[in-house]
1. Residues of the chain: accessible area per residue at 1.4 Å, in Å²?
2. Express as a percent, rounded to the nearest 5, the fraction of DSSP beta bridges in the stretch 1-135 (both residues included) that run antiparallel.
3. For the stretch 24-40 and the stretch 172-215, compute the distance between their C-alpha centroids and round to whole Å.
4. Classify the stretch 164-217 as rounded, prolate or oblate from the Cα gyration tensor: take a ≥ b ≥ c as the square roots of its eigenvalues, call it rounded if a/c is under 1.5, otherwise prolate when a/b beats b/c and oblate if not.
5. Above 25 Å lies some portion of the pair distances; for the chain, what is it as a whole percent of all C-alpha pairs?
6. Report, to the nearest 10°, how far helix 182-191 tilts away from the longest principal axis of the Cα atoms in the chain, using its own Cα long axis and a range of 0 to 90°.
7. If the reach is capped at under 18 angstrom between alpha carbons, list the lysines near LYS28, excluding any in the same chain fewer than eight residues apart.
8. Around VAL67, what is the net charge, scoring Lys/Arg as +1 and Asp/Glu as -1 over all other residues with Cβ under 11 Å from its Cβ?
Amino acid sequence: MENNRRPADMLRIDNETLAMHFIDEQVKAVQAQVGNKKVLLALSGGVDSSVVAALLIRAIGKNLICVHVNHGLLRKGEPEQVVEVFRNQMDANLIYVDAVDRFLDLLAGVSEPERKRKIIGAEFIRVFEEEARRFDGIEFLAQGTIYPDILESGPVKAHHNVGGLPDDLKFELVEPLKFLFKDEVRVVGKALGLPDSMVYRQPFPGPGLGVRCLGAITRERLEAVRESDAILREEFAKNGLEGKVWQYFTVVPDFKSVGVKNNVRTFEYPVILRAVNTVDAMTATVEDVPFALLQHITDRITKEVRGVNRVLYDLTPKPCGTIEWE
Ligand code: XMP
């Protein structure tokens, strides 16, 4: 426990100079820890794993092997951004695993939320394990553990550990961010040259869009979640809400309602918009989104997203609603 406590004299990293100093220190520490051996990292494209990747690329270059598992539940453009930033711009050793069919086939017909989460988590470990076994003798595993994960404060579920790997795959951990708070991780990420869209992104649950495509996931409804989420994010960015609202997303339930389009009766899915503010995710208030913007987003979603004929805005604070719907 002792070496899991943030050193009392550690300065708060709140500017570029301190971030550069931290980066230099950690680059040396990682080089001393791993020498010229290879290190494996599950790179989701979230803030923490992206910052670890950028830091380790600086420290050990191609000896870092990044594995990006596309489980089909990521937001629009995310897998492409991981490839663009890490493979094309940072010249990383990146393995891109297209596991979309694997995940969606396993999830077909599964409607219970916790069961969906378990399947997604377990399959993620299986895919990662398969990739890890393709390399001989890797001793190190890098993880984007940050200090709140260690403190286990708040209900934001820890999702950084590729825990649950079989015993024979024993790795020594490389966790350069383990004493940093989230805002410090972002400052370090900026100093490492990562794009703002990666460094300042809103929280995104490990099971991804899987918990926003309610009930048993179908490809049709999953696309509706992904496309409507992209429209919501685009409109929030255009209207200055991107950096202001803590978390915002869309949800597609598994029931249809009657509507009318071009004088023809429709029977299609609704899209639910959610936009909340919170400090620690324990409680949350609903963002007072301007009505005209809600109308504009509704117009775009009903016109541009297939299979959708209605848009609702969720006015429920937490409690009594949770932030996610599942
Ligand atoms: P709730 O829905 O419990 O969410 O009010 C609180 C915060 O936690 C996120 N969340 C998750 N994060 N795995 C994650 O990594 C999960 O299974 C999960 N469920 C909820 C949620 O997005 C919100 O930020």
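1. Here the residues of the chain average 49 Å² of exposed surface.
2. 0 percent
3. 21 Å
4. Taking the square roots of the gyration eigenvalues as a ≥ b ≥ c, the stretch 164-217 is oblate.
5. On the way: 28655 of 52975 pairs.
Of all Cα-Cα distances in the chain, 54 percent exceed 25 Å.
6. Taking the Cα atoms of the chain, the angle to 182-191 is about 70 degrees.
7. LYS37, LYS38, LYS62, LYS178
8. Numbers: positive: ARG134; negative: GLU129, GLU130, GLU131.
Every neighbour counted, the sum reads -2.
The values are calculated or read from the model by the stated rules, or taken from the named source; none is laboratory data. It should be emphasised that the depicted structure is a prediction, and the values quoted were computed from it without experimental measurement. Using ideal geometry, Cβ is built from the backbone for each residue, glycine included, and neighbour counts are taken over all protein chains shown. Remember, those area values only see protein heavy atoms, side chains included, never the ligands or the DNA or RNA. Shrake-Rupley method; radii C 1.70, N 1.55, O 1.52, S 1.80 Å.
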